[in-house]
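**Q** So that we are looking at the same thing, I have put the structure below in C-alpha coordinates.
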There are 2 protein chains.
Amino acid sequence: MRIIVIGSGNVATHLARAIYSKGESIAQIWSFSFDNAQILAEQVSAQPVKNLSEVDRNADLCILAVKDDAVKDVGEQLADFKGIIVHTSGAVPMNVFNGTFDNYGVFYPLQTFSKSKEVDFSNIPICIESNNVETSNFLEEFAKRLSVNVQEINSEKRKILHLAAVFACNFTNHLYALAGKILQDNELAFDLIRPLISETSSKVQHHLPLDVQTGPAVRNDIDTEQKHLQLLENTPQMQEIYKILSESIKKSR
Amino acid sequence: MRIIVIGSGNVATHLARAIYSKGESIAQIWSFSFDNAQILAEQVSAQPVKNLSEVDRNADLCILAVKDDAVKDVGEQLADFKGIIVHTSGAVPMNVFNGTFDNYGVFYPLQTFSKSKEVDFSNIPICIESNNVETSNFLEEFAKRLSVNVQEINSEKRKILHLAAVFACNFTNHLYALAGKILQDNELAFDLIRPLISETSSKVQHHLPLDVQTGPAVRNDIDTEQKHLQLLENTPQMQEIYKILSESIKKSR
(Lines give C-alpha, C1' and ligand atoms only; values in the text may rest on other atoms or scores of the structure.)
Protein backbone atom coordinates (compact mmCIF):
# COMPACT_ATOMS: atom_id res chain seq x y z
CA MET A 1 0.00 0.00 0.00
CA ARG A 2 1.29 3.46 -0.91
CA ILE A 3 0.41 6.12 1.62
CA ILE A 4 0.98 9.88 1.32
CA VAL A 5 0.97 12.18 4.33
CA ILE A 6 0.28 15.86 3.77
CA GLY A 7 1.29 17.99 6.74
CA SER A 8 3.90 17.87 9.47
CA GLY A 9 1.99 19.24 12.47
CA ASN A 10 0.98 17.32 15.58
CA VAL A 11 -1.68 15.15 13.95
CA ALA A 12 0.43 14.41 10.86
CA THR A 13 3.44 13.55 13.00
CA HIS A 14 1.69 11.19 15.41
CA LEU A 15 -0.38 9.57 12.70
CA ALA A 16 2.64 9.01 10.45
CA ARG A 17 4.59 7.51 13.34
CA ALA A 18 1.69 5.24 14.30
CA ILE A 19 1.28 4.03 10.70
CA TYR A 20 4.99 3.41 10.39
CA SER A 21 5.13 1.57 13.71
CA LYS A 22 2.43 -0.82 12.46
CA GLY A 23 4.74 -1.87 9.62
CA GLU A 24 2.96 0.16 6.95
CA SER A 25 5.25 2.24 4.76
CA ILE A 26 4.69 5.89 3.99
CA ALA A 27 5.74 6.80 0.48
CA GLN A 28 5.86 10.60 0.54
CA ILE A 29 5.41 13.52 2.91
CA TRP A 30 4.63 17.05 1.86
CA SER A 31 4.35 20.03 4.18
CA PHE A 32 4.09 23.81 3.82
CA SER A 33 7.56 23.80 5.33
CA PHE A 34 9.94 21.52 3.43
CA ASP A 35 12.25 21.45 6.46
CA ASN A 36 9.48 20.00 8.61
CA ALA A 37 8.56 17.53 5.88
CA GLN A 38 12.17 16.37 5.91
CA ILE A 39 12.28 15.99 9.68
CA LEU A 40 9.12 13.88 9.75
CA ALA A 41 10.05 11.92 6.61
CA GLU A 42 13.31 10.88 8.23
CA GLN A 43 11.46 9.46 11.24
CA VAL A 44 9.23 7.25 9.11
CA SER A 45 11.55 6.43 6.21
CA ALA A 46 9.48 8.40 3.72
CA GLN A 47 10.45 10.67 0.84
CA PRO A 48 9.91 14.38 1.56
CA VAL A 49 8.55 16.31 -1.44
CA LYS A 50 8.91 20.01 -2.12
CA ASN A 51 5.89 20.61 -4.34
CA LEU A 52 2.37 19.23 -4.27
CA SER A 53 2.77 18.49 -7.98
CA GLU A 54 5.33 15.82 -7.05
CA VAL A 55 2.82 13.89 -4.93
CA ASP A 56 2.18 10.46 -6.46
CA ARG A 57 -1.36 10.66 -7.92
CA ASN A 58 -1.61 6.86 -7.99
CA ALA A 59 -0.99 6.19 -4.30
CA ASP A 60 -3.68 4.24 -2.42
CA LEU A 61 -4.29 6.70 0.37
CA CYS A 62 -3.58 10.38 0.87
CA ILE A 63 -3.94 11.72 4.42
CA LEU A 64 -4.46 15.47 4.49
CA ALA A 65 -3.47 16.51 8.02
CA VAL A 66 -3.24 20.26 7.57
CA LYS A 67 -4.92 23.13 9.41
CA ASP A 68 -8.70 23.25 9.05
CA ASP A 69 -8.71 26.32 6.83
CA ALA A 70 -6.13 24.81 4.46
CA VAL A 71 -7.99 21.52 3.83
CA LYS A 72 -10.07 22.78 0.92
CA ASP A 73 -7.29 24.66 -0.82
CA VAL A 74 -4.63 21.95 -0.51
CA GLY A 75 -7.24 19.37 -1.54
CA GLU A 76 -7.94 21.29 -4.74
CA GLN A 77 -4.25 21.28 -5.60
CA LEU A 78 -4.40 17.47 -5.46
CA ALA A 79 -7.60 17.28 -7.52
CA ASP A 80 -6.25 14.66 -9.94
CA PHE A 81 -5.44 12.24 -7.09
CA LYS A 82 -6.76 8.79 -8.04
CA GLY A 83 -6.77 6.97 -4.68
CA ILE A 84 -8.68 7.61 -1.50
CA ILE A 85 -8.15 10.99 0.13
CA VAL A 86 -9.09 11.83 3.72
CA HIS A 87 -8.73 14.81 5.99
CA THR A 88 -8.21 14.49 9.74
CA SER A 89 -10.20 17.42 11.05
CA GLY A 90 -12.98 17.33 13.63
CA ALA A 91 -14.56 20.54 12.43
CA VAL A 92 -14.37 20.35 8.61
CA PRO A 93 -17.32 18.55 6.94
CA MET A 94 -16.59 15.71 4.53
CA ASN A 95 -18.28 17.48 1.63
CA VAL A 96 -15.35 19.88 1.40
CA PHE A 97 -14.07 17.23 -1.08
CA ASN A 98 -17.36 16.98 -2.97
CA GLY A 99 -16.79 17.38 -6.72
CA THR A 100 -13.01 17.30 -6.35
CA PHE A 101 -12.42 13.57 -5.78
CA ASP A 102 -14.19 10.30 -6.49
CA ASN A 103 -13.24 8.49 -3.29
CA TYR A 104 -12.87 10.53 -0.15
CA GLY A 105 -13.59 10.65 3.50
CA VAL A 106 -12.54 11.70 6.96
CA PHE A 107 -10.12 10.01 9.31
CA TYR A 108 -10.40 11.85 12.63
CA PRO A 109 -8.39 10.53 15.58
CA LEU A 110 -10.11 11.93 18.66
CA GLN A 111 -7.08 12.76 20.73
CA THR A 112 -4.86 15.68 21.73
CA PHE A 113 -1.41 15.53 20.23
CA SER A 114 1.72 17.36 21.30
CA LYS A 115 5.02 16.78 19.61
CA SER A 116 6.81 16.35 22.90
CA LYS A 117 4.73 13.40 24.08
CA GLU A 118 4.29 10.00 22.49
CA VAL A 119 0.75 8.61 22.42
CA ASP A 120 -0.46 5.05 22.18
CA PHE A 121 -2.83 4.96 19.22
CA SER A 122 -4.32 1.58 20.06
CA ASN A 123 -7.18 2.94 22.19
CA ILE A 124 -7.78 6.25 20.46
CA PRO A 125 -11.25 6.49 18.92
CA ILE A 126 -10.76 6.88 15.17
CA CYS A 127 -13.85 8.43 13.64
CA ILE A 128 -14.26 7.63 9.98
CA GLU A 129 -16.66 8.83 7.30
CA SER A 130 -16.65 8.18 3.57
CA ASN A 131 -18.55 8.92 0.39
CA ASN A 132 -19.03 5.31 -0.75
CA VAL A 133 -18.97 1.73 0.53
CA GLU A 134 -15.60 0.75 -0.92
CA THR A 135 -13.93 3.75 0.68
CA SER A 136 -15.70 3.00 3.95
CA ASN A 137 -14.46 -0.60 3.95
CA PHE A 138 -10.94 0.48 3.09
CA LEU A 139 -10.83 3.14 5.82
CA GLU A 140 -12.35 0.85 8.43
CA GLU A 141 -9.81 -1.86 7.75
CA PHE A 142 -6.97 0.62 7.74
CA ALA A 143 -8.13 2.33 10.96
CA LYS A 144 -8.44 -1.05 12.70
CA ARG A 145 -4.76 -1.64 12.11
CA LEU A 146 -4.06 1.44 14.27
CA SER A 147 -6.76 1.25 16.94
CA VAL A 148 -9.29 -1.14 18.44
CA ASN A 149 -11.74 1.75 18.67
CA VAL A 150 -13.00 2.63 15.18
CA GLN A 151 -16.33 4.46 14.81
CA GLU A 152 -18.39 5.56 11.82
CA ILE A 153 -19.33 9.16 12.62
CA ASN A 154 -20.93 11.53 10.11
CA SER A 155 -19.92 15.18 9.68
CA GLU A 156 -22.82 16.48 11.76
CA LYS A 157 -21.95 14.28 14.76
CA ARG A 158 -18.21 14.81 14.33
CA LYS A 159 -18.74 18.57 14.66
CA ILE A 160 -20.49 17.94 18.00
CA LEU A 161 -17.77 15.57 19.11
CA HIS A 162 -15.17 18.20 18.33
CA LEU A 163 -17.05 20.77 20.40
CA ALA A 164 -17.26 18.33 23.32
CA ALA A 165 -13.53 17.72 22.96
CA VAL A 166 -12.83 21.44 23.28
CA PHE A 167 -14.57 21.41 26.67
CA ALA A 168 -13.06 18.14 27.88
CA CYS A 169 -9.54 18.77 26.66
CA ASN A 170 -8.65 22.32 25.58
CA PHE A 171 -10.63 24.11 28.28
CA THR A 172 -9.61 21.56 30.89
CA ASN A 173 -5.96 22.07 30.08
CA HIS A 174 -6.48 25.80 30.43
CA LEU A 175 -7.95 25.28 33.91
CA TYR A 176 -4.78 23.37 34.76
CA ALA A 177 -2.86 26.42 33.50
CA LEU A 178 -4.93 28.78 35.66
CA ALA A 179 -4.35 26.55 38.69
CA GLY A 180 -0.66 26.64 37.80
CA LYS A 181 -0.73 30.43 37.69
CA ILE A 182 -2.37 30.62 41.13
CA LEU A 183 0.32 28.33 42.52
CA GLN A 184 3.20 30.10 40.79
CA ASP A 185 2.03 33.54 41.96
CA ASN A 186 2.26 32.17 45.49
CA GLU A 187 5.52 30.27 45.12
CA LEU A 188 3.92 26.85 45.27
CA ALA A 189 5.01 24.06 42.92
CA PHE A 190 2.73 22.74 40.17
CA ASP A 191 3.84 19.28 41.29
CA LEU A 192 1.56 19.56 44.31
CA ILE A 193 -1.59 19.25 42.19
CA ARG A 194 -0.40 16.69 39.65
CA PRO A 195 -1.78 13.69 41.62
CA LEU A 196 -5.10 15.53 41.94
CA ILE A 197 -5.28 16.16 38.18
CA SER A 198 -4.51 12.55 37.52
CA GLU A 199 -7.16 11.25 39.91
CA THR A 200 -9.81 13.68 38.61
CA SER A 201 -9.49 12.28 35.10
CA SER A 202 -9.14 8.73 36.34
CA LYS A 203 -12.44 8.96 38.23
CA VAL A 204 -14.49 9.60 35.10
CA GLN A 205 -13.03 6.62 33.28
CA HIS A 206 -15.55 4.43 35.13
CA HIS A 207 -18.05 6.98 36.39
CA LEU A 208 -19.99 9.84 34.87
CA PRO A 209 -18.64 13.28 35.88
CA LEU A 210 -22.00 14.38 37.31
CA ASP A 211 -21.83 11.49 39.80
CA VAL A 212 -18.37 12.36 41.13
CA GLN A 213 -18.54 16.16 41.28
CA THR A 214 -16.89 17.50 44.45
CA GLY A 215 -15.95 20.97 45.72
CA PRO A 216 -17.50 24.06 47.31
CA ALA A 217 -20.02 24.75 44.51
CA VAL A 218 -21.72 21.35 44.55
CA ARG A 219 -21.87 21.47 48.38
CA ASN A 220 -23.25 25.01 48.14
CA ASP A 221 -20.46 26.12 50.50
CA ILE A 222 -20.97 29.85 50.02
CA ASP A 223 -18.48 30.83 52.69
CA THR A 224 -15.58 29.12 50.89
CA GLU A 225 -16.72 30.52 47.56
CA GLN A 226 -16.67 34.06 48.98
CA LYS A 227 -13.15 33.54 50.32
CA HIS A 228 -12.00 32.22 46.96
CA LEU A 229 -13.51 35.16 45.10
CA GLN A 230 -11.66 37.50 47.46
CA LEU A 231 -8.38 35.72 46.70
CA LEU A 232 -9.06 36.33 42.99
CA GLU A 233 -9.78 40.04 43.40
CA ASN A 234 -6.68 41.09 41.46
CA THR A 235 -7.44 38.78 38.55
CA PRO A 236 -10.97 39.77 37.48
CA GLN A 237 -11.11 37.36 34.54
CA MET A 238 -10.28 34.40 36.77
CA GLN A 239 -12.84 35.65 39.25
CA GLU A 240 -15.40 35.70 36.45
CA ILE A 241 -14.46 32.14 35.42
CA TYR A 242 -14.79 31.03 39.05
CA LYS A 243 -18.25 32.57 39.27
CA ILE A 244 -19.68 31.23 36.04
CA LEU A 245 -18.35 27.69 36.55
CA SER A 246 -19.63 27.62 40.16
CA GLU A 247 -23.07 28.77 38.97
CA SER A 248 -23.05 26.17 36.24
CA ILE A 249 -22.15 23.40 38.73
CA LYS A 250 -25.05 24.44 40.96
CA LYS A 251 -27.47 24.37 38.04
CA SER A 252 -26.39 20.87 37.07
CA ARG A 253 -26.92 19.34 40.53
CA MET B 1 -1.21 4.38 69.10
CA ARG B 2 -4.87 5.22 69.70
CA ILE B 3 -6.49 7.11 66.82
CA ILE B 4 -9.96 8.66 66.74
CA VAL B 5 -11.70 9.55 63.49
CA ILE B 6 -14.47 12.14 63.61
CA GLY B 7 -16.63 12.10 60.50
CA SER B 8 -17.76 9.53 57.95
CA GLY B 9 -17.71 11.51 54.70
CA ASN B 10 -15.37 10.98 51.76
CA VAL B 11 -12.21 12.26 53.46
CA ALA B 12 -12.90 10.44 56.75
CA THR B 13 -13.66 7.21 54.91
CA HIS B 14 -10.61 7.16 52.67
CA LEU B 15 -8.29 8.35 55.40
CA ALA B 16 -9.58 5.77 57.90
CA ARG B 17 -9.19 3.00 55.33
CA ALA B 18 -5.67 4.12 54.44
CA ILE B 19 -4.64 4.24 58.11
CA TYR B 20 -6.15 0.82 58.74
CA SER B 21 -4.48 -0.65 55.66
CA LYS B 22 -1.09 0.48 57.01
CA GLY B 23 -1.63 -1.69 60.07
CA GLU B 24 -2.52 1.19 62.38
CA SER B 25 -5.64 0.62 64.49
CA ILE B 26 -8.45 3.12 64.79
CA ALA B 27 -10.01 3.13 68.23
CA GLN B 28 -13.24 5.04 67.75
CA ILE B 29 -15.31 6.70 65.06
CA TRP B 30 -17.91 9.35 65.66
CA SER B 31 -20.13 10.91 63.01
CA PHE B 32 -23.18 13.18 62.92
CA SER B 33 -24.95 10.07 61.65
CA PHE B 34 -24.44 7.08 63.93
CA ASP B 35 -25.46 4.76 61.09
CA ASN B 36 -22.62 6.07 58.93
CA ALA B 37 -20.20 5.85 61.85
CA GLN B 38 -21.18 2.20 62.21
CA ILE B 39 -20.68 1.47 58.50
CA LEU B 40 -17.22 3.00 58.46
CA ALA B 41 -16.26 1.54 61.87
CA GLU B 42 -17.03 -1.93 60.59
CA GLN B 43 -14.67 -1.48 57.63
CA VAL B 44 -11.74 -0.54 59.85
CA SER B 45 -12.48 -2.61 62.98
CA ALA B 46 -13.16 0.49 65.08
CA GLN B 47 -15.75 1.21 67.73
CA PRO B 48 -18.56 3.54 66.60
CA VAL B 49 -19.60 6.04 69.26
CA LYS B 50 -22.95 7.79 69.57
CA ASN B 51 -21.96 10.89 71.50
CA LEU B 52 -18.91 13.12 71.33
CA SER B 53 -18.73 12.80 75.13
CA GLU B 54 -17.79 9.13 74.67
CA VAL B 55 -14.69 9.98 72.62
CA ASP B 56 -11.57 8.85 74.48
CA ARG B 57 -9.91 12.09 75.68
CA ASN B 58 -6.59 10.29 76.15
CA ALA B 59 -6.14 9.00 72.59
CA ASP B 60 -2.93 9.99 70.78
CA LEU B 61 -4.51 11.51 67.69
CA CYS B 62 -7.94 12.81 66.83
CA ILE B 63 -8.66 13.42 63.14
CA LEU B 64 -11.53 15.83 62.62
CA ALA B 65 -12.73 15.16 59.06
CA VAL B 66 -16.02 17.00 59.11
CA LYS B 67 -17.45 19.74 56.87
CA ASP B 68 -15.52 23.02 56.95
CA ASP B 69 -18.22 24.92 58.81
CA ALA B 70 -18.46 22.21 61.51
CA VAL B 71 -14.74 22.10 62.39
CA LYS B 72 -14.85 24.84 65.00
CA ASP B 73 -18.03 23.70 66.69
CA VAL B 74 -17.17 20.00 66.87
CA GLY B 75 -13.67 20.93 68.00
CA GLU B 76 -15.08 22.90 70.91
CA GLN B 77 -17.12 19.89 72.02
CA LEU B 78 -13.82 17.98 72.28
CA ALA B 79 -12.07 20.80 74.15
CA ASP B 80 -10.73 18.56 76.94
CA PHE B 81 -8.97 16.26 74.43
CA LYS B 82 -5.42 15.64 75.65
CA GLY B 83 -3.68 14.30 72.53
CA ILE B 84 -3.01 15.89 69.16
CA ILE B 85 -6.04 17.05 67.21
CA VAL B 86 -6.01 17.89 63.49
CA HIS B 87 -8.58 18.90 60.93
CA THR B 88 -8.37 17.86 57.28
CA SER B 89 -9.67 20.96 55.53
CA GLY B 90 -7.95 22.95 52.79
CA ALA B 91 -9.86 26.12 53.52
CA VAL B 92 -10.02 26.29 57.35
CA PRO B 93 -7.02 28.00 59.02
CA MET B 94 -5.18 26.13 61.77
CA ASN B 95 -5.93 28.83 64.35
CA VAL B 96 -9.54 27.68 64.51
CA PHE B 97 -8.16 25.47 67.34
CA ASN B 98 -6.29 28.32 69.03
CA GLY B 99 -7.15 28.47 72.74
CA THR B 100 -9.11 25.22 72.62
CA PHE B 101 -6.27 22.69 72.51
CA ASP B 102 -2.60 22.49 73.47
CA ASN B 103 -1.38 20.38 70.55
CA TYR B 104 -3.12 20.81 67.25
CA GLY B 105 -2.61 21.06 63.56
CA VAL B 106 -3.85 20.35 60.06
CA PHE B 107 -3.60 17.15 58.07
CA TYR B 108 -4.79 17.99 54.56
CA PRO B 109 -4.59 15.26 51.92
CA LEU B 110 -4.65 17.11 48.59
CA GLN B 111 -6.86 14.77 46.64
CA THR B 112 -10.45 14.33 45.45
CA PHE B 113 -12.28 11.52 47.20
CA SER B 114 -15.44 9.74 46.13
CA LYS B 115 -16.84 6.84 48.09
CA SER B 116 -17.26 4.74 44.97
CA LYS B 117 -13.59 4.80 44.02
CA GLU B 118 -10.57 3.54 45.95
CA VAL B 119 -7.50 5.79 45.94
CA ASP B 120 -3.89 4.94 46.49
CA PHE B 121 -2.70 7.21 49.29
CA SER B 122 0.97 6.56 48.75
CA ASN B 123 1.51 9.46 46.30
CA ILE B 124 -1.04 11.91 47.59
CA PRO B 125 0.54 15.14 48.86
CA ILE B 126 -0.27 15.36 52.56
CA CYS B 127 0.00 18.96 53.71
CA ILE B 128 0.67 19.28 57.41
CA GLU B 129 0.80 22.23 59.77
CA SER B 130 1.12 22.30 63.54
CA ASN B 131 1.32 24.66 66.52
CA ASN B 132 4.54 23.27 68.02
CA VAL B 133 7.60 21.19 67.16
CA GLU B 134 6.52 17.98 68.93
CA THR B 135 3.19 17.99 67.11
CA SER B 136 4.98 18.72 63.84
CA ASN B 137 7.33 15.76 64.33
CA PHE B 138 4.47 13.47 65.27
CA LEU B 139 2.35 14.48 62.26
CA GLU B 140 5.24 14.25 59.85
CA GLU B 141 6.11 10.75 60.98
CA PHE B 142 2.49 9.68 60.90
CA ALA B 143 1.87 11.20 57.43
CA LYS B 144 4.97 9.47 56.06
CA ARG B 145 3.45 6.13 56.94
CA LEU B 146 0.63 6.94 54.51
CA SER B 147 2.39 8.80 51.71
CA VAL B 148 5.85 9.48 50.33
CA ASN B 149 4.76 13.06 49.61
CA VAL B 150 4.51 14.97 52.89
CA GLN B 151 4.75 18.78 52.85
CA GLU B 152 4.76 21.44 55.56
CA ILE B 153 2.28 24.05 54.30
CA ASN B 154 1.00 26.92 56.42
CA SER B 155 -2.64 28.06 56.51
CA GLU B 156 -2.04 30.95 54.11
CA LYS B 157 -0.51 28.72 51.44
CA ARG B 158 -2.98 25.91 52.04
CA LYS B 159 -5.82 28.31 51.26
CA ILE B 160 -4.15 29.08 47.92
CA LEU B 161 -3.56 25.41 47.25
CA HIS B 162 -7.21 24.70 47.89
CA LEU B 163 -8.23 27.42 45.42
CA ALA B 164 -5.90 25.98 42.78
CA ALA B 165 -7.42 22.56 43.45
CA VAL B 166 -10.90 23.91 42.76
CA PHE B 167 -9.73 24.99 39.28
CA ALA B 168 -7.72 21.84 38.56
CA CYS B 169 -10.24 19.35 39.91
CA ASN B 170 -13.76 20.59 40.63
CA PHE B 171 -14.03 22.92 37.63
CA THR B 172 -12.26 20.43 35.39
CA ASN B 173 -14.73 17.71 36.37
CA HIS B 174 -17.55 20.10 35.56
CA LEU B 175 -16.12 20.68 32.08
CA TYR B 176 -16.17 16.90 31.64
CA ALA B 177 -19.84 17.04 32.67
CA LEU B 178 -20.58 19.80 30.15
CA ALA B 179 -18.83 17.81 27.42
CA GLY B 180 -20.94 14.84 28.50
CA LYS B 181 -24.10 16.93 28.20
CA ILE B 182 -23.17 18.02 24.67
CA LEU B 183 -22.61 14.40 23.71
CA GLN B 184 -25.77 13.11 25.39
CA ASP B 185 -27.95 15.77 23.78
CA ASN B 186 -26.70 14.48 20.44
CA GLU B 187 -26.88 10.77 21.21
CA LEU B 188 -23.14 10.29 21.37
CA ALA B 189 -21.53 8.15 24.07
CA PHE B 190 -19.36 9.67 26.81
CA ASP B 191 -16.99 6.76 26.16
CA LEU B 192 -15.81 8.51 22.99
CA ILE B 193 -13.97 11.21 24.94
CA ARG B 194 -12.62 9.13 27.83
CA PRO B 195 -9.25 8.48 26.14
CA LEU B 196 -8.98 12.21 25.41
CA ILE B 197 -9.65 13.12 29.04
CA SER B 198 -7.06 10.62 30.17
CA GLU B 199 -4.40 11.88 27.76
CA THR B 200 -5.09 15.54 28.61
CA SER B 201 -4.29 14.92 32.28
CA SER B 202 -1.43 12.60 31.46
CA LYS B 203 0.27 15.29 29.36
CA VAL B 204 0.66 17.70 32.27
CA GLN B 205 2.26 15.08 34.50
CA HIS B 206 5.56 15.84 32.78
CA HIS B 207 4.86 19.15 31.06
CA LEU B 208 3.41 22.47 32.13
CA PRO B 209 -0.13 23.05 30.82
CA LEU B 210 0.84 26.29 29.07
CA ASP B 211 3.32 24.34 26.94
CA VAL B 212 0.81 21.74 25.75
CA GLN B 213 -2.27 23.88 25.14
CA THR B 214 -4.10 22.87 21.95
CA GLY B 215 -7.44 23.77 20.35
CA PRO B 216 -9.11 26.54 18.35
CA ALA B 217 -8.50 29.35 20.87
CA VAL B 218 -4.74 28.96 21.11
CA ARG B 219 -4.51 28.70 17.30
CA ASN B 220 -6.76 31.77 17.05
CA ASP B 221 -9.03 29.76 14.75
CA ILE B 222 -11.93 32.24 14.78
CA ASP B 223 -13.92 30.37 12.16
CA THR B 224 -14.17 27.22 14.32
CA GLU B 225 -14.94 29.30 17.41
CA GLN B 226 -17.85 30.98 15.60
CA LYS B 227 -19.23 27.60 14.55
CA HIS B 228 -18.95 26.30 18.10
CA LEU B 229 -20.71 29.35 19.52
CA GLN B 230 -23.53 28.78 17.05
CA LEU B 231 -23.86 25.16 18.18
CA LEU B 232 -24.24 26.47 21.75
CA GLU B 233 -26.93 29.00 20.89
CA ASN B 234 -29.60 27.17 22.87
CA THR B 235 -27.43 26.90 25.98
CA PRO B 236 -26.41 30.51 26.73
CA GLN B 237 -24.50 29.67 29.91
CA MET B 238 -22.33 27.15 28.08
CA GLN B 239 -21.84 29.70 25.31
CA GLU B 240 -20.68 32.19 27.94
CA ILE B 241 -18.28 29.61 29.40
CA TYR B 242 -16.94 28.89 25.91
CA LYS B 243 -16.34 32.61 25.31
CA ILE B 244 -14.64 33.44 28.58
CA LEU B 245 -12.36 30.39 28.55
CA SER B 246 -11.39 31.03 24.92
CA GLU B 247 -10.58 34.65 25.74
CA SER B 248 -8.55 33.57 28.74
CA ILE B 249 -6.59 31.06 26.63
CA LYS B 250 -5.76 33.81 24.13
CA LYS B 251 -4.59 36.11 26.90
CA SER B 252 -2.27 33.46 28.32
CA ARG B 253 -0.49 32.72 25.03
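The values are calculated or read from the model by the stated rules, or taken from the named source; none is laboratory data. This one's a predicted model, so the numbers in the text were calculated from it and none came from an experiment. Heads up, the Cβs are rebuilt from the backbone with ideal geometry, glycines too, and the neighbour counts pull from every protein chain shown.
**Q** Mind listing just one residue for me: the one in the range A:125-152 that is outside any helix (DSSP H, G or I) and of a type outside the set (S, T, N, Q) and, of those, nearest to the other protein chains (Cβ to nearest Cβ)?
**A** Quick first cut of the range A:125-152, residues outside any helix (DSSP H, G or I) only: A:125-132, A:147-152.
Next, only the ones that are of a type outside the set (S, T, N, Q) stay: A:125-129, A:148, A:150, A:152.
Working: A:125: 5, A:126: 11, A:127: 8, A:128: 13, A:129: 14, A:148: 11, A:150: 12, A:152: 12 Å.
Restricting to residues being outside any helix (DSSP H, G or I) and of a type outside the set (S, T, N, Q), the top hit is A:125.
**Q** Step by step: first the residues of the range B:169-212, then only those that are of a type in the set (Ser, Thr, Tyr) and surrounded by fewer than 22 Cβ atoms within 10 Å (Cβ to Cβ), then the one that is farthest from residue A:157 (Cα to Cα). Which residue is that?
**A** Filtering the range B:169-212 down to residues of a type in the set (Ser, Thr, Tyr) leaves B:172, B:176, B:198, B:200-202.
Adding the requirement that they be surrounded by fewer than 22 Cβ atoms within 10 Å (Cβ to Cβ) leaves B:198, B:202.
On the way: B:198: 22, B:202: 27 Å.
My answer is B:202.
**Q** Of all residues in the range B:244-253, how many are surrounded by 16 or more Cβ atoms within 10 Å (Cβ to Cβ) and more than 7 Å from chain A (Cβ to nearest Cβ)?
**A** The qualifying residues number 1.
**Q** Moving on. Cβ-Cβ below 7 Å, separation at least six or inter-chain, first residue in the range A:205-231 and modelled with pLDDT of 95 or more, second in a loop (DSSP other than H, G, I, E, B) and polar (S, T, N, Q): which pairs?
**A** Close Cβ pairs satisfying both conditions: A:207/B:116; A:210/A:252.
**Q** Right, here's the next one. From the list A:114, A:155, A:89, A:122, exactly one residue is surrounded by fewer than 21 Cβ atoms within 10 Å (Cβ to Cβ), within 13 Å of chain B (Cβ to nearest Cβ), hydroxyl-bearing (Ser, Thr, Tyr) and in contact with a Lys or Arg (Cβ under 9 Å, 6 or more places away or on another chain). Which is it? Step through it out loud before you land on a result.
**A** Working: A:155 fails: in contact with a Lys or Arg (Cβ under 9 Å, 6 or more places away or on another chain); A:89 fails: surrounded by fewer than 21 Cβ atoms within 10 Å (Cβ to Cβ); A:122 fails: in contact with a Lys or Arg (Cβ under 9 Å, 6 or more places away or on another chain).
Going through A:114, A:155, A:89, A:122 in turn, the sole match is A:114.
**Q** Does at least one position in the range A:180-202 carry a residue that is within 26 Å of residue B:115 (Cα to Cα), facing chain B (nearest Cβ under 7 Å) and in a loop (DSSP other than H, G, I, E, B)?
**A** So far as the range A:180-202 goes, no, none of its residues is within 26 Å of residue B:115 (Cα to Cα), facing chain B (nearest Cβ under 7 Å) and in a loop (DSSP other than H, G, I, E, B).
**Q** A follow-up question, please. When you check residue A:213 against the structure, is it under 30 Å from residue A:127 (Cβ atoms), within 7 Å of chain B (Cβ to nearest Cβ) and out of contact with any Gly (no Cβ under 8 Å at 6 or more places or on another chain), yes or no?
**A** Values: under 30 Å from residue A:127 (Cβ atoms): yes; within 7 Å of chain B (Cβ to nearest Cβ): yes; out of contact with any Gly (no Cβ under 8 Å at 6 or more places or on another chain): yes.
Taking the combined requirement at face value, the residue satisfies it.
**Q** Just checking, which of B:122, B:147, B:114, B:136 is modelled with pLDDT of 95 or more, touching a helix residue (DSSP H, G or I) at 6+ places or on another chain (Cβ under 9 Å) and not aromatic (Phe, Trp, Tyr)?
**A** Details: B:122 fails: modelled with pLDDT of 95 or more; B:114 fails: modelled with pLDDT of 95 or more; B:136 fails: touching a helix residue (DSSP H, G or I) at 6+ places or on another chain (Cβ under 9 Å).
Among B:122, B:147, B:114, B:136, only B:147 is modelled with pLDDT of 95 or more, touching a helix residue (DSSP H, G or I) at 6+ places or on another chain (Cβ under 9 Å) and not aromatic (Phe, Trp, Tyr).
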